[in-house]
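Trainee: Let me give you the structure first, and then I'll get to my questions.
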Amino acid sequence: MISFFRNIASGQASDLEIMTAIVVVLFLFFILLYLILKPDNKQVKSRINRIVNNTKGDSSSNTAQISIRRQAEGSGNVKLDELIHRLTPKPDLLRENMQKAGLHPNLGHLLIISIFIGIISFASFQFTTKYPPFLGVLFGIAFGLSAPHFGLYVLKKRRQKKFLALFPDAIDLMVRALKAGLPITEAIKNSGEEIANPVGIELSKVTNGVKIGGKLPDELQKAQHRLGLQEFQFFTVALSIQTETGGNLAETLANLSDILRKRKQMQLKIKAMSSEAKASAYIIGSLPFIMFFLIYLMNPEYATVLLTDPRGQFALGLGLFSIALGCGIMYKMVKFEI
């Protein structure tokens, strides 16, 4: 057994030993996952009994109320929530990003996905390379932590892009409803029912919040917090000012819709004018990698000198730094704030 762990640590283990180690790690992981996620009925029953005993006693006493409701931002499991708070430096920021991506802000699911991706990455690294397992563990941890964040970023940008494409049409529907004599809450409700998601679901959440007693500016601010879009902030500010000062809301929203469409046109114009520079950056930046791949296919021994020789490694690092610096400069040159 000692020699087995010594071979794993030194990177001299056979494929069978590596496979055995992976199976053991997966087995221990699923046992730990079951212990974390299993329902803790004893704690629930004890809380219920304490609440029942408190209600049987003096109702006017100042004893602290014990809540057994599941928190909206929690995972529904006390142990898992404690583990998340220990492992996650900024849980509120993660929940905000999940809401902007259109997902339920459940950090427990995100943690499980991260662990699963990390294990799959470690297994793939070990079977495709001959490096020591220590490097595979580092690769699995890095990929397991970065992949969910990258996925959230992609989902958030895609949802925001789809929202901006449909939002001017929703404002136009509100303008028509206001001109027909409907109040602003009914106009928002009609737009939420007619426009596709994600605009429809966000406007429906606003109207549902107003129905249960919330104020319209407060519900719009909550929607802005879920979306994180400057264009929706314009809409929120316009309605808030109109609520306080009055005025022709239909004309204000019509002007806002026109501004949003012109912003979109300006963004497309900038994208078209900068497409040549972006294409040049893509071609020039990919040429070194394409040439290295072609040289490696024709003469692997000649190409691997760049990776094994210290001078080649220095030149490779300098070249990658120069490419990254050039791409960053060109990105700043073609990026404009509208």
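The values are calculated or read from the model by the stated rules, or taken from the named source; none is laboratory data. Remember, it's a predicted structure, so these values are computed and weren't measured experimentally. Please note: Cβ atoms are built from the backbone with ideal geometry, for glycine as well, and neighbour counts cover all protein chains shown. Only protein heavy atoms, including side chains, enter the accessible area calculation; ligands, DNA and RNA are left aside. Shrake-Rupley method; radii C 1.70, N 1.55, O 1.52, S 1.80 Å.
Trainee: Lysine pairs in region 200-286 8 or more apart or on different chains: how many have alpha carbons under 18 angstrom apart?
Mentor: Final tally of qualifying lysine pairs is 5.
Trainee: Next question, about the same structure. Once you place label points 7 Å from the Cα toward the Cβ at R158 and I241, how far apart are they in nm?
Mentor: 3.6
Trainee: Can you give the Kirkwood hydrodynamic radius of region 251-338 from its Cα pairs, in Å with one decimal?
Mentor: Evaluated over region 251-338, this radius sits at 16.4 Å.
Trainee: Suppose every Lys and Arg Cβ carries +1 and every Asp and Glu Cβ carries -1, with no other charges. What dipole size does region 261-305 come out with about its Cα centre, to the nearest 20 debye?
Mentor: Rounded to the nearest 20 debye, it is 880 debye.
Trainee: Sticking with this structure for a sec: Compute the relative contact order of region 267-337 as a whole-number percentage, counting only Cα pairs closer than 8 Å that sit 6 or more residues apart in sequence.
Mentor: RCO, region 267-337: 37 percent.
Trainee: Express the carbon and sulfur contribution to the solvent-accessible surface of region 178-225 as a percent, rounded to the nearest whole number, probe 1.4 angstrom.
Mentor: C and S atoms contribute 52 percent here.
Trainee: Determine the dipole magnitude for region 114-218: charges of +1 sit on the beta-carbon of Lys and Arg, -1 on that of Asp and Glu, nothing else is charged, the reference point is the Cα centre, and the result goes in debye to the nearest 20.
Mentor: Result for region 114-218 is approximately 220 debye, rounded to the nearest 20.
Trainee: Still on this structure: Once the convex hull of the alpha carbons of region 94-211 is built, what does its volume come to per residue, in cubic angstrom?
Mentor: 100
Trainee: What whole number of Å gives the distance from the Cα centroid of region 181-222 to the Cα centroid of region 123-178?
Mentor: Measuring centre to centre over Cα atoms gives 28 Å.
Trainee: When only DSSP loop residues count, what trypsin sites (Lys or Arg not before Pro) in region 123-224 have their Cβ near at most 14 other Cβ atoms within 10 Å?
Mentor: Counting only loop positions with at most 14 other Cβ atoms within 10 Å, the trypsin sites (Lys or Arg not before Pro) in region 123-224 are K130, K215.
Trainee: Now, a different point. Calculate, for A315 and I283, the FRET efficiency according to 1/(1 + (r/R0)^6) with r their C-beta to C-beta distance and R0 22 Å; round to the nearest 0.05.
Mentor: Efficiency computed from Cβ-Cβ geometry: 0.50.
Trainee: When only DSSP loop residues count, what trypsin sites (Lys or Arg not before Pro) in region 248-338 have their Cβ near at most 11 other Cβ atoms within 10 Å?
Mentor: Within region 248-338, the qualifying trypsin sites (Lys or Arg not before Pro) (loop, at most 11 other Cβ atoms within 10 Å) are K335.
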